[in-house]
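The values are calculated or read from the model by the stated rules, or taken from the named source; none is laboratory data. Nothing here was measured: the structure is a model prediction, and the numbers come from that model. Cβ sites come from the backbone with ideal geometry, for glycine too, and all protein chains shown count toward neighbours.
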């Protein structure tokens, strides 16, 4: 039976990089995103370039209906790889943001990955095989508002499941990238002008690293020497300092 991988946020950035890597590894692809024309374009490119099968699901994962559509597909189809990648950020402090935007971000970053994992893992356990990669962030290690809090959830639940499933052939890993050249910051209207070039990561390279780390059984993948050093420093400093750094970073991104 052919192997299928499901990728959320599949039409751009890290998600799009994952679709090409998985297709190159002979996985058929289920592509999930909001924009149907971009989904169709991505599916067509993957089919012609890699000779794989594709299936598209147009879904807004901030909505109950969008999340349910993907859950229903997982319930009736065998998924061998799940990449929880969909996400967005808010460039306002929690007390200044709209509740609707906060709820939508929570639903995309926390609710949806949790529900999709809860749906896909029983089948993986039954087959004793599967890979789940949750696209988290180094932001999860700081205290930079609800985005950091949501990404912290993704990292911790990945680590927890990695331990829970340690005696199986199921690989669960959190990918924690730093700043990556994608559409993410433009969509969130975040100014990144002051960030030096060496802090930017390449999406294809970090995805290759994440896939390799997941297959090796690593619970957390932090691509880039600069971010490995940064996380080490963050984990060494008092949390009182990390809290200040996190809020200062949020303030700069919002300007």
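In segment 1-17, which residues are at pLDDT 95 or above and part of a loop (DSSP other than H, G, I, E, B)?
Step one: of segment 1-17, the residues at pLDDT 95 or above are 3-11, 15-17.
Once the filter is applied, which keeps residues that are at pLDDT 95 or above and part of a loop (DSSP other than H, G, I, E, B), segment 1-17 yields 3, 9, 10, 11.
Check 42, 20 and return the single one that is in a helix (DSSP H, G or I), modelled with pLDDT of 95 or more and in contact with a strand residue (DSSP E or B) (Cβ under 9 Å, 6 or more places away or on another chain). Walk me through it before giving the result.
Working: 20 fails: in contact with a strand residue (DSSP E or B) (Cβ under 9 Å, 6 or more places away or on another chain).
Answer to the check: 42.
Output yes when any residue across segment 108-131 is out of contact with any helix residue (DSSP H, G or I) (no Cβ under 6 Å at 6 or more places or on another chain), surrounded by 14 or more Cβ atoms within 10 Å (Cβ to Cβ) and in a loop (DSSP other than H, G, I, E, B), and no when none is.
yes
Could you please find all residues in segment 58-80 being in contact with a helix residue (DSSP H, G or I) (Cβ under 7 Å, 6 or more places away or on another chain), closer than 23 Å to residue 214 by Cβ and outside any helix (DSSP H, G or I)? Step through it out loud before you land on a result.
Within segment 58-80, the subset in contact with a helix residue (DSSP H, G or I) (Cβ under 7 Å, 6 or more places away or on another chain) is 58-62, 67, 70-71, 74-75, 78-79.
Narrowing the set further to residues that are closer than 23 Å to residue 214 by Cβ leaves 61, 70-71, 74, 78-79.
Within segment 58-80, 61, 78, 79 meet the criteria.
For segment 46-54, indicate whether the set of residues that are in a loop (DSSP other than H, G, I, E, B), touching a helix residue (DSSP H, G or I) at 6+ places or on another chain (Cβ under 9 Å), at pLDDT 95 or above and on the phi < 0 side of the Ramachandran plot is non-empty. Step through it out loud before you land on a result.
Taking segment 46-54 and keeping what is in a loop (DSSP other than H, G, I, E, B), we get 51-53.
Those still in the list that are touching a helix residue (DSSP H, G or I) at 6+ places or on another chain (Cβ under 9 Å) too: 51-53.
When the remaining residues are screened for being at pLDDT 95 or above, the result is 51-53.
Now restrict to residues that are on the phi < 0 side of the Ramachandran plot: 52-53.
Within segment 46-54, one or more residues are in a loop (DSSP other than H, G, I, E, B), touching a helix residue (DSSP H, G or I) at 6+ places or on another chain (Cβ under 9 Å), at pLDDT 95 or above and on the phi < 0 side of the Ramachandran plot.
Might you let me know whether segment 205-213 holds any residue that is modelled with pLDDT of 60 or more and out of contact with any strand residue (DSSP E or B) (no Cβ under 9 Å at 6 or more places or on another chain)? First the steps, then the outcome.
If we filter segment 205-213 for residues that are modelled with pLDDT of 60 or more, which is where we start, we get 205-213.
Now restrict to residues that are out of contact with any strand residue (DSSP E or B) (no Cβ under 9 Å at 6 or more places or on another chain): 205, 208.
There is at least one residue in segment 205-213 that is modelled with pLDDT of 60 or more and out of contact with any strand residue (DSSP E or B) (no Cβ under 9 Å at 6 or more places or on another chain).
Scan segment 215-235 for residues that are outside any helix (DSSP H, G or I) and at pLDDT 70 or above and jot them down. Give the derivation first.
Keep residues of segment 215-235 that are outside any helix (DSSP H, G or I), which gives 216-224.
Within segment 215-235, 216, 217, 218, 219, 220, 221, 222, 223 meet the criteria.
Does segment 152-178 hold any residues that are under 18 Å from the mean Cα position of the chain (by Cα), over 17 Å from residue 116 (Cβ atoms) and outside any helix (DSSP H, G or I), and which are they?
176, 177, 178, listed by residue number.
What tally of residues in segment 43-85 results from selecting those that are within 15 Å of residue 24 (Cα to Cα), in contact (Cβ under 8 Å) with a residue 24 or more places away in the chain and buried (at least 21 other Cβ atoms within 10 Å of the Cβ)? Before you say what the answer is, go through the steps one by one.
Taking segment 43-85 as the starting set, the residues that turn out to be within 15 Å of residue 24 (Cα to Cα) are 43-54, 81.
Going one step further and asking which of them are in contact (Cβ under 8 Å) with a residue 24 or more places away in the chain, we end up with 46, 49-50, 52-54, 81.
From what is left, the residues that are buried (at least 21 other Cβ atoms within 10 Å of the Cβ) are 46, 52, 54, 81.
Residues meeting the conditions: 4.
When you scan segment 129-156, how many residues do you find that are farther than 18 Å from residue 9 by Cβ and in contact with a strand residue (DSSP E or B) (Cβ under 8 Å, 6 or more places away or on another chain)?
Result for segment 129-156: 2.
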